[in-house]
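K.L.:
I have a structure I would like to understand better, so I am pasting it below and will then ask my questions one at a time.
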Amino acid sequence: MDELFQVGSLSSTSRLIMGTGGMRSLEILEETLRASESSIATVALRRVDPTVPGSIYDVLQRCGVSLLPNTAGCYSAAEAIKVAELAREAFETSVIKLEVIGDDLTLLPDTSETLAAAEELVSRGFEVWAYTSDDLIVALRLEQVGCVAVMPLGSPIGSGLGVRNPHAIALIAERLEVPVLLDAGVGTASDAALAMELGCAGVLASSAINRALDPVLMAAAMRDGVRAGYQASRAGRIPPRLYAEASTSSIGRPDLLAQ
């Protein structure tokens with residue numbers, strides 16, 4: 001990217017955030033991280049022990065990737081706060097990706113519990129990246145309580161359905177001052193590009209890469225999709241029109257010359 005991407009105390013030259021869950025092996029994880037050129041990756045606390053050699057933590061360190069612990073699997077504010085405190089003690093970081101799930105089937109966020117957890121975590125000195133719905137009002141409230149990033153879903157986690165409500169994502173990106181990162185639902189590189197074109201500051205991709213037939217190739221595609229979408233968002237696209245507008249001037253057309 002042309003500029004440094006900054007969220008709270010974490011900075012990156014890439015606007016693609018990598019998820020690490022579900023990877024087939026640590027070797028493939030390392031290859032995908034390198035192909036993605038991402039320098040921030042989110043990891044569920046329950047999946048990594050920094051004291052055990054050969055863990056995900058070792059792979060991230062070897063690749064120079066900053067760890068973003070998350071509270072995946074939590075279903076209440078109290079549970080998420082406890083996991084965040086454990087992550088801070090284990091990894092010596094106050095950065096946390098907050099996830100509070102409200103439904104087992106859809107894995108949609110419990111926004112009321114998320115707001116309660118976010119407010120408490122911020123008061124305890126955490127830098128909160130908050131996973132949420134595509135509800136503008138909830139996103140605004142998360143910004144107001146002090147989250148350093150708001151992460152609305154494009155569609156349910158792991159669904160690969162892409163951005164189902166582009167208007168909602170664009171509204172959130174337009175109204176918030178903190179970085180808005182698309183989280184969940186990305187299926188392929190065009191979804192990542194669309195999110196960036198809608199105004200998102202970055203994209204988190206996990207299942208789309210980890211479950212692809214060729215995760216390394218998909219990581220590279222996501223990298224390029226995020227870059228293309230970011231450049232397009234700054235280029236200023238032409239406005240959509242109901243009718244055609246020729247790119248070549250009509251001046252000099254024989255059929256329009258006066259007889």
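The values are calculated or read from the model by the stated rules, or taken from the named source; none is laboratory data. This one's a predicted model, so the numbers in the text were calculated from it and none came from an experiment. Note: ideal-geometry Cβ built from the backbone for every residue, glycine included; neighbour counts use all protein chains shown.
K.L.:
I'd like the full set of residues that are out of contact with any Ser or Thr (no Cβ under 6 Å at 6 or more places or on another chain) and among the charged types (D, E, K, R), limited to segment 91-118.
P.N.:
If the condition is that a residue be out of contact with any Ser or Thr (no Cβ under 6 Å at 6 or more places or on another chain) and among the charged types (D, E, K, R), then GLU92, ASP103, ASP104, ASP110 are the ones that fit.
K.L.:
Restricting attention to strands (runs of 3 or more DSSP E) lying wholly within segment 65-143, give those where 1 or more residues are modelled with pLDDT under 95.
P.N.:
Ranges flagged: 66-70.
K.L.:
If you check THR20, THR32, THR13, which single one turns out to be in contact (Cβ under 8 Å) with a residue 60 or more places away in the chain and under 15 Å from the mean Cα position of the chain (by Cα)?
P.N.:
Sole residue among the options that is in contact (Cβ under 8 Å) with a residue 60 or more places away in the chain and under 15 Å from the mean Cα position of the chain (by Cα): THR20.
K.L.:
Answer yes or no: is there a residue in segment 120-143 that is among the hydrophobic types (A, V, I, L, M, F, W, C), within 18 Å of ARG15 (Cβ to Cβ), surrounded by 18 or more Cβ atoms within 10 Å (Cβ to Cβ) and in contact (Cβ under 8 Å) with a residue 40 or more places away in the chain.
P.N.:
Within segment 120-143, one or more residues are among the hydrophobic types (A, V, I, L, M, F, W, C), within 18 Å of ARG15 (Cβ to Cβ), surrounded by 18 or more Cβ atoms within 10 Å (Cβ to Cβ) and in contact (Cβ under 8 Å) with a residue 40 or more places away in the chain.
K.L.:
Would you check which residues across segment 214-234 are at pLDDT 95 or above and out of contact with any helix residue (DSSP H, G or I) (no Cβ under 6 Å at 6 or more places or on another chain) and list them?
P.N.:
ASP214, LEU217, ASP224, ARG227, GLN231
K.L.:
Anything in segment 201-235 that is under 19 Å from PRO156 (Cα atoms) and touching a residue at least 24 places away in the same chain (Cβ under 8 Å)? List them, or say none.
P.N.:
GLY202, VAL203, LEU204, ALA205, SER206, SER207, ALA208, ILE209, ASN210, ARG211, MET222
K.L.:
If you check LEU242, LEU182, LEU198, which single one turns out to be without any contact (Cβ under 8 Å) to a residue 40 or more places away in the chain, surrounded by 12 or more Cβ atoms within 10 Å (Cβ to Cβ) and more than 30 Å from SER25 (Cα to Cα)?
P.N.:
Sole residue among the options that is without any contact (Cβ under 8 Å) to a residue 40 or more places away in the chain, surrounded by 12 or more Cβ atoms within 10 Å (Cβ to Cβ) and more than 30 Å from SER25 (Cα to Cα): LEU198.
K.L.:
Let me ask something additional. Take the residues in segment 64-89 that are touching a helix residue (DSSP H, G or I) at 6+ places or on another chain (Cβ under 7 Å) and surrounded by fewer than 20 Cβ atoms within 10 Å (Cβ to Cβ); name whichever of them is nearest to VAL145 (Cα to Cα). If you could, list the steps in order and put the result at the bottom.
P.N.:
Going through segment 64-89, the residues touching a helix residue (DSSP H, G or I) at 6+ places or on another chain (Cβ under 7 Å) turn out to be 65, 67, 69, 71, 73-74, 76-77, 80-81, 83-84, 86-87.
After this cut, where a residue has to be surrounded by fewer than 20 Cβ atoms within 10 Å (Cβ to Cβ) as well, the list is 73, 76, 86.
Details: GLY73: 23, SER76: 18, LEU86: 22 Å.
Top of the filtered list is SER76.
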